[in-house]
Amino acid sequence: MMTSKRCIIGCGTYGSYLLRRLIEAFPDDEIIVLELGDRRSQSESEAGLYSESMESQAARAGRYFGLGGTSARWGGQVLFFDERDNPLHDPVWSQIIAINKRYKTRVIENLFGDRSIQPLLELNDKGNLKTGIWLKYNKRNLFKQVNLYKKSEIQLRTGCRVISMNFTQDKLQSVEIINEQRIRQIIEADIFYLTAGAIESCRIMLEMRSKGKFTGTSDIGKHLGDHLSVELFKIQNSTPAIQGVNLIPIWHKGSLVTKRLLVYTSDGRVGYIQGVFNKHIRIFTILKQLMFGKKQTEFNIKELFTGLVFLLKLAWNLLIKRQLYADPKEWSLQLDIEQQYPNKHKLELSKTNDKFGVPGIKLDWSAEPEDRKFIEEISLQFREILLQEKLQFSDCFNNVVNGATKIEDVYHPVGFMRMGTDDSAVTDMHCKIRGAANLFHFSTALFSSARSINPTGAVFCLIEAHLEQAIQQKTA
Ligand SMILES: Cc1cc2nc3c(=O)[nH]c(=O)nc-3n(C[C@H](O)[C@H](O)[C@H](O)COP(=O)(O)OP(=O)(O)OC[C@H]3O[C@@H](n4cnc5c(N)ncnc54)[C@H](O)[C@@H]3O)c2cc1C
């Protein structure tokens, strides 16, 4: 059988998963991995990249560089799309959902090493309840799950950034890399995978198009979306349960199984409401910050004492009750809701160059007055439920012109490298970039929206579908 040379551009969350699976699927192929960072996890500014945005945090605070990429710092909560994410029966979404359903068992097994988790998730996924599962802390960085010793033909090149692409007609012949010493080199391959993160992958394609190196005419960079996130209510003195659903995450073999309630607006927008616990307990906040990479923190004696009591309750609940401890004194209901697709938001090349001498990226993103209207609609729906359930609560979302609540994005960038069947889609349904015969892309930007999930898990299913097709083509 003919062997191929495969090149992975960016060894972060998807690059690492893909590398592991390519080693298993194509043991005879040559694989070269080009990674900007190294074993350290670096922020955008530490890595020397540049982005600008008035309101979006997705580039500055939502991406990390180095082996494992953002998975070195992410929450690791894994969820998948299902039919409830397609209330308007869109045919492209039906295909995405079918791919999720077909491959999620395999993805769960690859990530968690345990098939028994899936029935647990499905058992709970009823009505408007959806469950997710957090990877164990020590399994978060996906590069650490790659067994490089299984295969000798891997070239792992760290400290090199892909800065250019060379096409002959629609075939990507090679990419150009630059290292920290500013030495440039050309790397050739038969098949390329662009997994440099949603934003940087888009930036590279926009730059190639601006220089006339790539002639694709799709919607690259357009329709930037994210979940709009806002705290709706603080609830006092009650167990975290609503509509008969206990919202406290449960403990399963070292992972937390989370619960969220799906919500819909009158125009068919999808979102989810979840409980946020122990926000007012400082030791819990500190623990979370340390888990997400903060190096040091300070607290006083009183905080230490109340913290110890809390930690005892936390340990008791995890070990004996097999669930997270949630202080009933106060907890919140947080809404994350999708933005409209299509929309006017976009990514474009910045006029400012980064440390590597290439243009940075500009994210033109904001929450629109219309978005606020739909948040208000969901807020009213839930207010009614809280009143019916006689819960003691205070409103958090304020939509008055002066002093309106700030709406955050939550590092779920979508829409600007969209997969689809129409001519303006950036990739086809197999994640092949239109206008490039041998270039595939994997990131959350493939989805027009993240609907009711934290979207990372759903892209692993697209990688699995791609591999299955590639294996079939190779053996045909
Ligand atoms: C704090 C936080 C918590 C999160 N929690 C969750 C969660 O619980 N669940 C969820 O679903 N999602 C979560 N996310 C989102 C999730 O982390 C991302 O969707 C996912 O990691 C993106 O993977 P990626 O492979 O596209 O990018 P990355 O993991 O960022 O990988 C990109 C890689 O490419 C490298 N690279 C970049 N540019 C180049 C270049 N030009 N040449 C070579 N290499 C390059 C980078 O160094 C990096 O290694 C979270 C994000 C953050 C920030």
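Taking the C-alpha atoms only, the angle from helix 13-25 to the longest principal axis of the chain is near 60 degrees.
The lysines whose alpha-carbon is closer than 25 Å to the alpha-carbon of Lys474, local same-chain residues fewer than 8 away aside, are Lys5, Lys101, Lys104, Lys150, Lys151, Lys171, Lys432. Compared with the dominant principal axis of the Cα atoms in the chain, helix 369-388 is inclined by about 40°. Within the accessible area of region 279-321, the carbon and sulfur atoms contribute 71%, probe 1.4 Å, all protein chains present. Per residue, the chain exposes 44 Å² of solvent-accessible protein surface, assessed with a 1.4 angstrom probe and all protein chains in place. In a simple Cβ point-charge model (Lys, Arg +1; Asp, Glu -1; nothing else charged), the chain has a dipole of about 1380 debye relative to its Cα centre.
Taking Lys313 as the anchor, which lysines have their alpha carbon closer than 18 Å to its alpha carbon, excluding any fewer than eight residues away along the same chain? Correct list for Lys313: Lys279, Lys288, Lys302, Lys321, Lys329. Against the chain, whose longest principal axis is taken from its Cα atoms, helix 301-316 shows a tilt of about 80°.
Only Cα pairs under 8 Å and 6+ residues apart enter the sum, and on that basis the relative contact order of the chain stands at 23 percent. Listed by chain and number, the aspartates and glutamates whose alpha-carbon sits under 17 Å from that of Lys362, ignoring those within fewer than 8 places in the same chain, are Glu44, Glu52, Glu55, Glu200, Glu207, Asp219, Asp226, Glu348, Asp354, Asp409.
DSSP finds beta bridges in the chain, and of those with both partners inside it, around 75 percent are antiparallel.
The separation of region 323-378 from region 414-476, counted between C-alpha centres, amounts to 22 Å.
Compared with the alpha-carbon gap, the fully stretched path from Glu55 to Glu231 is longer by 61.6 nm at 0.36 nm per residue.
What is the distance in Å between the Cα centroid of region 110-136 and that of region 25-45? One Cα centre to the other: 29 Å.
Taking a ≥ b ≥ c as the square roots of the eigenvalues of the Cα gyration tensor of region 1-143, is the shape rounded (a/c under 1.5), prolate (a/b larger than b/c) or oblate? Oblate.
The values are calculated or read from the model by the stated rules, or taken from the named source; none is laboratory data. Being a predicted model, the structure only gives us computed values, none of them experimental. Quick reminder, even Gly has a Cβ in these numbers, built from the backbone with ideal geometry, and neighbours come from all protein chains shown. Accessible surface areas use protein heavy atoms only, side chains included; no ligands, DNA or RNA. Shrake-Rupley method; radii C 1.70, N 1.55, O 1.52, S 1.80 Å.
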